[in-house]
Amino acid sequence: MKAINHQITKSPNHQIPWLGQLGNNPLAVAGLLIVGFLCIVALSAPWLAPYDPQAIDTWHILESPSMAHLLGTDPLGRDCLSRLIYGARISLLVGIIAVGIATVIGTTLGALAGFYGKWIDGLIMRFVDIILCFPTIFLIMAVIAFLEPSILNIMAVIGFTSWMGVARLVRAEFMSLRQRDFVLAARISGASNARIAFSHILPNAVAPILVATTLGVGGAILTESALSFLGIGVQPPTPSWGNMLTEGKDNLEIAWWLSMFPGLAILVTVLGYNLLGEGLRDALDPRIRDSGKNN
Amino acid sequence: MALFLYLIKKIFTLGPTFLGITLISFMVMHLAPGEPMSLQTDFNPKMTPEMRERLRAQYGLDRPLHIQYLQWLKGMAVLDLGLSFSPDRRPVWDKIKERLPVTLLINVLAIGLILVIAVPLGVAAAVRHNSFFDQVTTVLVFVAYAAPAFWVALLLMLYFGVHLGWLPISGLHSLMGYEQMSVWEKLLDWCRHLILPVLVSALGGLAGLSRYTRSSMLEVLRQDYITTARAKGLPEKKVIYKHALRNALLPLITILGLSIPGLIGGSVIFESIFAIPGVGQLMWTSVMARDYHLLMGNLVIVSVLTLLGNQLADIGYALADPRIRTGVQVED
């Protein structure tokens, strides 16, 4: 019985070498390389940065890119390249933790709704509809403006306003799987509800969750940079790509490099996560894969 | 008849959703520290605690929260959004009313631009699947989707405004000599000021929608009835535009409805960059001044617009999809 049970409960996704599939997709590989590169940059910032990102140098303010300062200096004479490198830490940290929070909330609520159905499902999904009706940036603005705009608060608020997609995904997966034979088999062999939900159904939803999470990091980084740009995100002097752009905006007519490079950094980062996410989607979705029509 | 019932059912689900929105907005605002009064009173040396209490009572802030909410809801029932907490004490609706048209205009123009460019682009990429054109547009769309709108706005301002000097970079119309212009010159002046904001606010949606069009079209082109149409010997143009596109556009209606909150949310950012006096800017000032009524009013208006957009999308979907129109599909 144990062997049969084991065989039935194993989901189809686990046996397929989708990693090889990912390797065949040049865009996904590019995404993976970008994300990997950024993680290395963020982790080794103190060794990579040529200057202290906070060091003010009044002799060299607003210098255009040169050999001494590869990406120029800002109005306080700080080295833009060093600030960009340290900014990678903030962006990646906020992106990843915010999405982590969103994934935990989304998975829990989605699993509850999909597993129990009936009024629990109705209540949770109506709540999802309500939150989806808010332009999230308005909600975030309202909350952040009242709270302290610290990095911790920003991560929490972005996480609390971006879990709805994951909740819908997980719910759909639970709805379609809870009547299947392997769940019945687990139930007959005496598994508890929690055990069925977490160790039998949830593993099947890992693939779509992984895709949504990867794509979500890009979105969260964009949101953080927009908030910092508006002045309610990461506060100076801590360098973040968003607040560096604010300085760029204030010196638009005299220092193009201030607005060019931080924006480019955001673009490349978000692009990397999106390419990786889409590549994962294609590699993990058997429908697309088997038809041989990879994007 | 089925369509009518479908719409009635839809409208009845709106009420609870709307109530939920107002309740959450209200809670978010009041759970956070700070009050409208504190801006006016904290730094005023003549303000005694008794005076502050009297002021709070005058604004109704001394009552329990649930009473305040019910009070607000009672006003809402007769479409009264209350008075602004700012010193001018003007009705919230008046303040929103004078700014709403600008925001709506820009968003409608942006949606129009998105539709006109994204759909043909997506269809062309799907029809030439895996061709050079498809690959180039795919990469371009990915780049456009990842570009932060406010950064693109800065670059466009830098290039077209500062470097070339072709387009104005802020405001809705020229400050100098605007009064002396003829009607046509005024219109032209407006258009020149609107080009960059509309472009910027359309960018993200443009990339998203053309990507959806492409994948939706690919999905449809794979289906049996398309093969049948081709086997019947129909010209390729007819197969694509009459048979495939109509079905491929269905999911796009919903996507467009869902993208409305994002578009309106973007208003905050581009209105702040281009100094456009719209709802986004009003929202911003109301948040900063903790103007509860004005903030609530803004959130309500924006969420009503969103709900309306979603309803229009649903109705459009029902009109376009015979399965819903005739009530064949029973599952919701």
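Residues whose amide H falls under 5 Å from that of B:LEU83, counting only those 5 or more places apart or on a different chain, are B:VAL92, with hydrogens built in the peptide plane.
Each principal axis of the Cα cloud of the stretch B:116-206 was evaluated for its coordinate range; sorted largest first, these ranges are 55, 25, 20 Å.
Karplus-derived 3J(HN,Hα) values for the stretch A:187-202, using 6.51 cos²θ - 1.76 cosθ + 1.60 with θ = phi - 60°, are 5, 4, 7, x, 6, 6, 3, 4, 5, 4, 5, 8, 9, 10, 8, 4 Hz; glycine and proline are entered as x. For the peptide A:225-238, the mean number of other protein chain Cβ atoms found within 10 angstrom of a residue's Cβ is 2.
Can you bin chain B into rounded, prolate or oblate? Criterion: square roots of the alpha carbon gyration tensor eigenvalues sorted a ≥ b ≥ c, rounded for a/c under 1.5, prolate for a/b above b/c, oblate for the rest.
Because a/c hits 1.5 or more and a/b fails to exceed b/c, chain B counts as oblate.
Taking the average, over residues, of other Cβ atoms within 10 Å as the packing measure, peptides A:117-124, A:244-251, B:166-173 rank A:244-251, B:166-173, A:117-124 from highest down. Based on protein heavy atoms only, chain B ends up with 52 Å² per residue of surface accessible to a 1.4 Å probe.
Calculated FRET efficiency, A:MET67 to B:VAL143, Cβ-Cβ distance, R0 = 30 Å: about 0.50 to the nearest 0.05.
Counting only Cα atoms, the size of the stretch A:88-211 along its three principal axes is 52, 32, 21 Å, in decreasing order. Looking at chain A as a GNM with Cα springs under 10 Å, which of A:ILE130, A:ILE209, A:ILE101 has the largest mean-square fluctuation? Result for chain A, Cα springs under 10 Å: A:ILE130 fluctuates most.
The portion of the accessible surface of the stretch A:26-81 made up by carbon and sulfur, rounded to a whole percent, is 76 (1.4 Å probe; DNA, RNA and ligands excluded). Close amide H pairs (under 5 Å, H built 1.01 Å from N) link A:PHE134 with no residue at least 5 positions away or on another chain.
Element breakdown for the stretch A:83-286 at a 1.4 angstrom probe: carbon and sulfur atoms account for 67% of the accessible area. Computed from the C-beta positions of A:MET175 and A:SER199 and an R0 of 25 Å, the FRET efficiency is 0.85 to the nearest 0.05. Axis of helix B:132-146 versus longest Cα principal axis of chain B: the two differ by about 10°, to the nearest ten degrees.
Once both labels are positioned 7 Å from their Cα atoms along Cα-to-Cβ, the gap between B:GLN180 and B:VAL28 label points is 4.7 nm. Under a Gaussian network description of chain A, with springs only between Cα atoms under 10 Å, the residue in A:THR108, A:THR269, A:THR58 that fluctuates furthest is A:THR58. With a 10 Å cut-off around each Cβ of A:263-269, the average count of Cβ atoms from other chains is 4. Considering all C-alpha pairs of the stretch B:164-287, those separated by over 26 Å amount to 48%. Shape analysis of the stretch B:245-295 yields a ratio of the Cα radius of gyration to the Kirkwood radius, Rg/Rh, of 1.23.
Just from its helices, what would the mean residue ellipticity at 222 nm be for the protein assembly as shown, if runs of 4 or more DSSP H residues each count -39500 (n - 2.57) and the sum is divided by every residue, rounded to the nearest 500 deg cm²/dmol?
-23000 deg cm²/dmol
Projected over every direction and averaged, the convex hull enclosing the alpha-carbon atoms of the protein assembly as shown yields 36.2 nm². The alpha-carbon atoms of chain A define a convex hull whose volume equals 161 cubic angstrom per residue.
Put simply, the amide H of B:ILE276, placed in the peptide plane, has neighbours under 5 Å in B:GLY171, leaving out anything fewer than 5 places away on its chain.
Here the Gaussian network model covers chain B, with springs between Cα atoms less than 10 Å apart; of B:VAL279, B:VAL28, B:VAL92, B:VAL28 fluctuates the most.
To the nearest hundred square angstrom, how large is the accessible surface buried between A and B, total for both chains, probe 1.4 angstrom? So the buried area, both faces added, is about 4400 Å². Using only the Cα atoms of the stretch A:88-130, build the gyration tensor, take square roots of its eigenvalues as a ≥ b ≥ c, and label the shape rounded, prolate or oblate: rounded if a/c is under 1.5, else prolate if a/b is larger than b/c, else oblate. Here the stretch A:88-130 falls in the prolate category. Cα centroids of the stretch B:93-146 and the stretch A:25-95: 32 Å apart. Shielding of peptide A:27-36 by partners, expressed as the average count of other chain Cβ atoms within 10 Å per residue Cβ, is 1. What's the angle, to the nearest 10 degrees (0 to 90), between helix A:136-146's Cα axis and the longest principal axis of chain A? Here the helix axis deviates by roughly 60 degrees.
The values are calculated or read from the model by the stated rules, or taken from the named source; none is laboratory data. Keep in mind the model is a prediction, meaning the values are calculated, not measured. As a convention, Cβ positions derive from the backbone with ideal geometry for all residues, glycine included, and neighbour counts pool all protein chains shown. Side chains included, ligands, DNA and RNA excluded: accessible areas come from the protein's heavy atoms. Shrake-Rupley method; radii C 1.70, N 1.55, O 1.52, S 1.80 Å.
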